[in-house]
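Q: Before I ask anything, let me first share the structure, which is written out below as C-alpha cells.
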Amino acid sequence: MYILSFESSCDETACAVCEMDESTRKIKSNIIASSVDIQALYGGVVPEIASRAHIEAISKITYEALKKAELSIKDIGAIAVTNGPGLIGALLVGVNFAKSLAFANNIPLVPVDHIKGHVASNYLTYPDLKPPFLALVVSGGHTSFFDVKSYTSLTEIASTRDDAIGECFDKVGRVMGLPYPGGAAMDKLATQGDENSILFPSPAISSQTLDFSFSGLKTAVINYINTKKQKNEELERENIAASVTKTIVCAVRSKIFDALKLTGYDKVVLAGGVSANSHLRKGIKEECEKCGASFFAPELSLCGDNAAMIGAQGYYEFLNGSRADEALNAYPS
Ligand code: KG4
Ligand code: ZN
C-alpha cells in the first residue's frame, strides 16, 4: 500500500510517499522544506517562525511528494502524521493539514509518535530489520534507550535527566561560534582535533543507571571556553570538539554495554538527528562488535527529521489498527 506522511514537529516541513507491505519498504518520494536558515539567524528554533514556515510550505511539498512518486491522492491507502512530541504550534499545522486531506478524500488517518518514527527510519534502511531490539534515540530533544518489543510497542528504559545529546553539541558549537545547529560542524571539527587534549566530565552519571546527564558536560565545556576567552588564549576549537566528542562517545559506549547486558538483546539500533555523527556511529559499531551484537543506523539522509520515517512507522501502526478521527490532537511532550 502507499502511505502519504507528514512531519512538522520542529523546523522541517516534510511530506513523503512510501510503498509498504509485508515484503516491501520503499521510499517513493521524501520532500523536506526546512526553515533552518531563518532559525539560524536567531541561534535556535523560534516556534512561531517554525509554525508559519510550515503553513507556507505544506501544500507545495504535498504536491511535490505525490508528483515525484507519480501518484495521485486516490492511490493513497493511509495518511500518517506526527502528532507529538514537538512544538505544539508546529505539530498542529501537520495534524490539521493531514486531517483535512484524510477526511476530504475518505482515507484512513494514522497518528505517529515522532520518536517511534526515528526508530522506523532503520526499517527503510534495512529491509530485513525486525524487532525485538535495543534502540538508542539521540536527537536535539531526546536521548533515550528503548526496549523495542514489536513495531508498535516501545518501552523507554533510560533517558537523559536534563539536556539532550544534540542540545549539548549545539550549545557547545554556538559558544565556539559555529553556525546553528552546531552538531554537524562539531562532527567535522572533531575529526581534525586531538581527542585526548582536554578532560571533560562524563555524561554517564553512574554505573547504577543507564540514564545520562549532559548538562554538567555542557557547562564544563562552556566554562572552559569562557575562561580561555577571558585570558585571551587561543581557542583550539578542533581539540575542544574532539575531546567533547570522545567524552560523549565513551559514555554512550559504556551505557550500550550495560544496556545489552540488561536486556539480553543482540541488536542495537541507533536513530535520531545525532545518529549522523560519524564518531558516534564508529564508536557504537566497535562496542557492538566487542559485545557480539549487530549494529544498525539509518542512512545519512534519514537521520534527521523527515516524513518517510513517519510513513514507515505509520504503516505498522495502521496494521496494528490505529486510526484517528477528526478529534485528533497534537501533544508537545
Ligand atoms: O532528530 P533531529 O533532526 O531533530 C529532533 O528531533 O531534535 O535532530 C537534530 C539534532 C541537532 O541537535 C543537530 O545538531 C544534530 O541533530 N545533528 C548532529 C549531526 N547532524 C545533526 N549532531 C552531531 N553530529 C552530527 N553529524
Ligand atoms: Zn527528530
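The values are calculated or read from the model by the stated rules, or taken from the named source; none is laboratory data. As the structure is a prediction and not an experimental result, all values here were calculated from the model. As a convention, Cβ positions derive from the backbone with ideal geometry for all residues, glycine included, and neighbour counts pool all protein chains shown. SASA here: full protein model, heavy atoms, side chains in, ligands and nucleic acids out. Shrake-Rupley method; radii C 1.70, N 1.55, O 1.52, S 1.80 Å.
Q: Which pairs do you get when a residue that is without any contact (Cβ under 8 Å) to a residue 40 or more places away in the chain, found in the range 42-53, comes within reach of a residue that is assigned to a loop (DSSP other than H, G, I, E, B) and surrounded by fewer than 16 Cβ atoms within 10 Å (Cβ to Cβ), reach meaning Cβ atoms under 9 angstrom, with the pair 6+ apart or on two chains?
A: The qualifying pairs are Ile49/Tyr42.
Q: Of all residues in the range 261-289, which are buried (at least 22 other Cβ atoms within 10 Å of the Cβ) and within 16 Å of ligand 2 (Cβ to nearest atom)?
A: Across the range 261-289, the qualifying residues are Val269, Leu270, Ala271, Gly272, Gly273, Val274, Ser275, Asn277, Leu280.
Q: Pick out, from the range 25-137, the helices (runs of 4 or more DSSP H) lying fully within it that include 1 or more residues that are over 30 Å from Gly283 (Cβ atoms).
A: Once the helices (runs of 4 or more DSSP H) in the range 25-137 are filtered for at least 1 residues that are over 30 Å from Gly283 (Cβ atoms), what remains is 36-40, 47-69, 88-105.
Q: What single numbered condition from (1) open to solvent by 20 Å² or more (accessible area, probe 1.4 Å); (2) at positive phi; (3) not acidic (Asp, Glu) fails to hold for Gly84?
A: The number of the failed condition is (1).
Q: Then there's this: Is there any pair with a first residue in the range 146-158 that is of a type in the set (Gly, Ala, Ser) and a second that is crowded, with 19+ Cβ neighbours inside 10 Å and in a strand (DSSP E or B) whose Cβ atoms are under 7 Å apart and which are 6 or more apart or on different chains, and what are they?
A: Ala158/Ser144; Ala158/Phe145
Q: Let me ask you something else. Any residue in the range 267-282 that's assigned by TED's automatic domain parsing to the domain that holds Val244 and more than 6 Å from ligand 1 (Cβ to nearest atom): show its pairings with residues that are open to solvent by 10 Å² or more (accessible area, probe 1.4 Å) and of a type in the set (Ser, Thr, Tyr) at Cβ separation under 7 Å, as long as the two are six or more apart or on different chains.
A: Taking only residues 6 or more apart or on different chains, the pairs are Lys267/Ser294.
Q: Is it true that some residue in the range 189-204 is open to solvent by 20 Å² or more (accessible area, probe 1.4 Å) and modelled with pLDDT under 95?
A: The answer is no, given that none of the residues of the range 189-204 is open to solvent by 20 Å² or more (accessible area, probe 1.4 Å) and modelled with pLDDT under 95.
Q: Exactly one condition in (1) at pLDDT below 95; (2) crowded, with 22+ Cβ neighbours inside 10 Å; (3) not β-branched (Val, Ile, Thr) is not met by Leu235; state its number.
A: (2)
Q: Tell me which residues, restricted to the range 44-81, are of a type outside the set (A, V, I, L, M), under 30 Å from Val175 (Cα atoms) and open to solvent by 10 Å² or more (accessible area, probe 1.4 Å).
A: Answer for the range 44-81, where residues must be of a type outside the set (A, V, I, L, M), under 30 Å from Val175 (Cα atoms) and open to solvent by 10 Å² or more (accessible area, probe 1.4 Å): Gly44, Pro47, Glu48, Ser51, Arg52.
Q: So is Asp163 within 14 Å of ligand 2 (Cβ to nearest atom), at pLDDT 95 or above and charged (D, E, K, R) or not?
A: Considered against the rule, which asks whether it is within 14 Å of ligand 2 (Cβ to nearest atom), at pLDDT 95 or above and charged (D, E, K, R), Asp163 comes out as no.
Q: Could you list all residues from the range 205-219 that are at pLDDT below 95 and open to solvent by less than 60 Å² (accessible area, probe 1.4 Å)?
A: Scanning the range 205-219 gives a single hit, Ser206.
Q: With respect to Ala98, determine if the residue is of a type in the set (Gly, Ala, Ser), more than 30 Å from Phe169 (Cα to Cα), in the same structural domain as Gln313 (by TED's automatic domain parsing) and open to solvent by 50 Å² or more (accessible area, probe 1.4 Å).
A: no
Q: Follow-up. Considering each residue of the range 26-39, count those that are open to solvent by less than 40 Å² (accessible area, probe 1.4 Å) and either over 20 Å from Ala308 (Cα atoms) or among the charged types (D, E, K, R) (or both), and give that number.
A: Residues flagged as open to solvent by less than 40 Å² (accessible area, probe 1.4 Å) and either over 20 Å from Ala308 (Cα atoms) or among the charged types (D, E, K, R) (or both) within the range 26-39 amount to 1.
Q: State all residues of the range 163-181 that are more than 9 Å from ligand 1 (Cβ to nearest atom), in a loop (DSSP other than H, G, I, E, B) and surrounded by fewer than 19 Cβ atoms within 10 Å (Cβ to Cβ); if no residue qualifies, say none.
A: Matches in the range 163-181: Gly177, Pro179.
Q: Kindly check whether there is at least one residue in the range 242-257 that is in contact (Cβ under 8 Å) with a residue 40 or more places away in the chain, under 24 Å from Asp147 (Cα atoms), part of a helix (DSSP H, G or I) and not hydrophobic (A, V, I, L, M, F, W, C).
A: yes
Q: So, in the range 290-319, exactly how many residues are assigned to a loop (DSSP other than H, G, I, E, B), surrounded by 13 or more Cβ atoms within 10 Å (Cβ to Cβ) and not small (Gly, Ala, Ser)?
A: Residues flagged as assigned to a loop (DSSP other than H, G, I, E, B), surrounded by 13 or more Cβ atoms within 10 Å (Cβ to Cβ) and not small (Gly, Ala, Ser) within the range 290-319 amount to 4.
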